[in-house]
Each structure stands twice: as structure tokens, then as C-alpha cells.
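None of the figures in this text is laboratory data; all of them are computed from the coordinates on show. Every value quoted in this text rests on a predicted model; they were computed, and no experiment measured them. Positions of Cβ are backbone-derived with ideal geometry, glycine not excepted, and every protein chain shown enters the neighbour counts.
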Amino acid sequence: MDWKSAITEAGMRIAPHIRRTPVMHARLGGFDLALKLENTQHTGSFKARGAFNSMLSLPVPAAGVVAASGGNHGAAVAFAASRLGHRARIFVPELAGPAKIALVRRSGAELTVVPGAYHNALAAARVHEEATGAMQVHAYDAPATVAGQGTLFREWEEQGLAADTLLIAVGGGGLIGGAAAWLGGRRRIVAVEPENAPTLNRAFADGPDAEVEVSGVAASALGSRHIGRIGYDLCRAAGVRSVLVTDEDILAAQALLWRELRQWVEPGGATALAALLSGAYRPEAGERVAVLLCGANPAPDPIAETPD
């Protein structure tokens, strides 16, 4: 697949529907950093990019779209479907928590809360897809999703990205797959995952079919048990390096972002920064580092409505 062309076309396709998110330069924890504030995207995460690209590049049936999500993807799919005039049915696990469940519910989509974690919601979404003919908008392992997420990095370079290394949090692999597809071979990409959800890290060690148990503070955003095969293959080809951080590291990064920059992100959104603060990733002298803040839907959200 010609990923550069796919991402370029996706960028033009979704431009009228998404926000061009800002870049901030700041000194944090002793590091001079470029930060991409994708936490300011529609519904609070990068997921809107893949959601819009999926619905604008593929024919949507009368039955509409269906998605399984830990919260952020579901909210993005519901938002995009509403803007584009499609029906949407979203399956989220109880693990998503009340704030993200309320976020999806406010979108107006049909919502089903499923006991368990993301993989339970995905199984339910597949049953709905087969029964109704709705189009599955996969959270990470579909070409249109990956190309949509790749537009983030195309946009960042247009904004003057000068980094040698990018730190990116990983869940199912759609975001880092998009990074590898657009940036691979030109910049170093470091995948950052919680020790309690080491999906890509385990796949690098044991193969792409490796399965992990997920838990911890970032599980609702980064809680996929399997890495997506598209993202895995792109990361291997691009020489992506993987590092792990603890829940304590993530919460410390979340607190620092609020205290120093007034950026209130969810734990998954702070995970990439945690690699620097904890020493899981140590830049070389003179190395220019950029960090992606990918999600802004923490739980509890102090002003969120709780679900019924």
C-alpha cells in the first residue's frame, strides 16, 4: 500500500471536519520539548481523524456504522456520524468508566455498555455488524483508520516539526501505525506503553498474535489485548522502539502537565511524556524530542455528567 498517498488524500478529505491542533514548545522535567496538543481535537482525542476518514472514504450503508471502543474512539465515531448524517451504534466496556460513557451518550449515538473490557465490546460490535449490515469502523486495525491517524503527523510536519525523536503512546496500534507510515525512516519513533498494557512490547517479543492482560490507570485508552496487524507491520518496518512505564510514572506526568502547562489530559494522554520523566527513554545530548498528547478525557471529569 502507498501509505504516503493514502495519508495525503485522507488529510485533504478530512480537513473541513477536524481541528488543526496547536503545537506548544515548553521545558518540562528538564527537557525542552515540542508538544502536539491533540487533546484539543474534537471529542478530546486524535480518534476523530480516523473516524472521519473511514466514513468519507468508504460507502456507509443505510444501517449506519458500528464501533467498539474504550471510550475515545466511540465518541469520535459518534461525533463524525452525527456530523455526516449517519446512524451510529457504539459498544463500550464497563472499563471505559462513567466520564467516557457519558461522553459517548451525549453524542446521540445508540450506546450499549458491555461487561468487561475492550475485547468484549468488540465481540458485541461484530455481532451487531453481522446482524444489521452496519459498517464496522475499527478503532485501530483498518487501513482507513490508520491513514486518518497518519494525518496528524503530516499536519505536525506542516507546522514545522523539527524533532529527531517522537514519543507516542500505544493502545491498539492505529496511531503509532500512522506515525510509522508517514515518518518511518526519517525520524526516530518511540512507542510508550503502560507496564499493565504492554501490547506492542509483547508483540515485538513474542510475535503479532501475542495477547496481554490489561489493567491500570490508562486501560480505557490503551487497553487493547492484541496489537493491530497493520500497526505492527508498519512499526517493524520503521524500526520503532518500545519502552514501558508504570502507572505511577503516568500519573506523575499527568500531574506535571496540569501543574506546569494547564493541560488536563487523561492518563493515556500523559503516557508518552512519562517515558522521559521516568527515564524509560533517555535522549542523547542535543537530541530534539517531541511528545504527542493524544487524549483529554480523564476520569473523573470534574464537569462530566454521569450516565444514568
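The table that follows gives values for the structure above.
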{"read-out": "Relative contact order %, segment 1-54, counting alpha carbon pairs below 8 Å whose residues are six or more apart", "value": "31 percent"}
{"read-out": "Loop trypsin sites (Lys or Arg not before Pro), segment 106-191, which have at most 12 other Cβ atoms in a 10 Å radius of their Cβ (DSSP)", "value": "R186"}
{"read-out": "Correct option for Rg/Rh (Cα atoms, Kirkwood Rh) [calculated from the coordinates] among [x] 0.97; [y] 1.01; [z] 0.94", "value": "[z]"}
{"read-out": "Listed residues L33, L276, L58, most fluctuating in the chain (Gaussian network, C-alpha, under 10 Å)", "value": "L58"}
{"read-out": "Highest-MSF residue in the chain out of P198, P283, P98 [GNM, Cα springs under 10 Å]", "value": "P283"}
{"read-out": "Per DSSP, loop GluC sites (Glu not before Pro) in segment 211-249 with at most 15 further Cβ within 10 Å", "value": "E211, E213"}
{"read-out": "Gain upon complete extension [V23, L58; 0.36 nm per residue less C-alpha separation]", "value": "9.5 nm"}
{"read-out": "Rounded to 10°, Cα long-axis angle of helix 247-261 versus longest principal axis of the chain", "value": "80 degrees"}
{"read-out": "Alpha-carbon gyration tensor eigenvalues x 5, square-rooted, for segment 198-284, Å", "value": "25, 15, 11"}
{"read-out": "Tilt relative to the chain, helix 174-183 - C-alpha long axis, 0 to 90 degrees, to 10", "value": "50 degrees"}
{"read-out": "Segment 247-300: trypsin sites (Lys or Arg not before Pro) falling in loop per DSSP and having at most 13 other Cβ within 10 Å", "value": "R262"}
{"read-out": "12 Å Cα-Cα reach of K47 towards aspartates and glutamates, excluding residues that sit fewer than 8 places from it in its own chain", "value": "E38"}
{"read-out": "Contact order normalised by residue count of segment 47-136, Cα under 8 Å, 6+ apart, percent", "value": "33 percent"}
{"read-out": "Charge dipole of segment 177-275 about the Cα centre (unit charges at C-beta), most positive-ward option of A272, L222, P198", "value": "A272"}
{"read-out": "Only Lys, Arg (+1) and Asp, Glu (-1) charged, at Cβ; the chain dipole about Cα centre in debye", "value": "800 debye"}
{"read-out": "Beta bridges by DSSP in the chain, antiparallel share as percent, to the nearest 5", "value": "20 percent"}
{"read-out": "Over the chain: helical MRE at 222 nm, DSSP H runs n ≥ 4 each giving -39500 (n - 2.57), nearest 500", "value": "-13500 deg cm²/dmol"}
{"read-out": "Added length on full extension, which subtracts the Cα-Cα distance from 0.36 nm per residue, A123 to T8", "value": "38.2 nm"}
{"read-out": "Gain in span if fully extended, A162 to W264, counting 0.36 nm per residue against the direct Cα distance", "value": "34.2 nm"}
{"read-out": "Two-site FRET efficiency, E130 against T246, from Cβ-Cβ distance with R₀ of 35 Å, rounded to 0.05", "value": "0.30"}
{"read-out": "Positive-end residue of I90, P61, A75, charge dipole of segment 47-136 with Cβ unit charges", "value": "A75"}
{"read-out": "Cα-based helix-to-principal-axis angle, 72-84 vs the chain, degrees rounded to 10", "value": "60 degrees"}
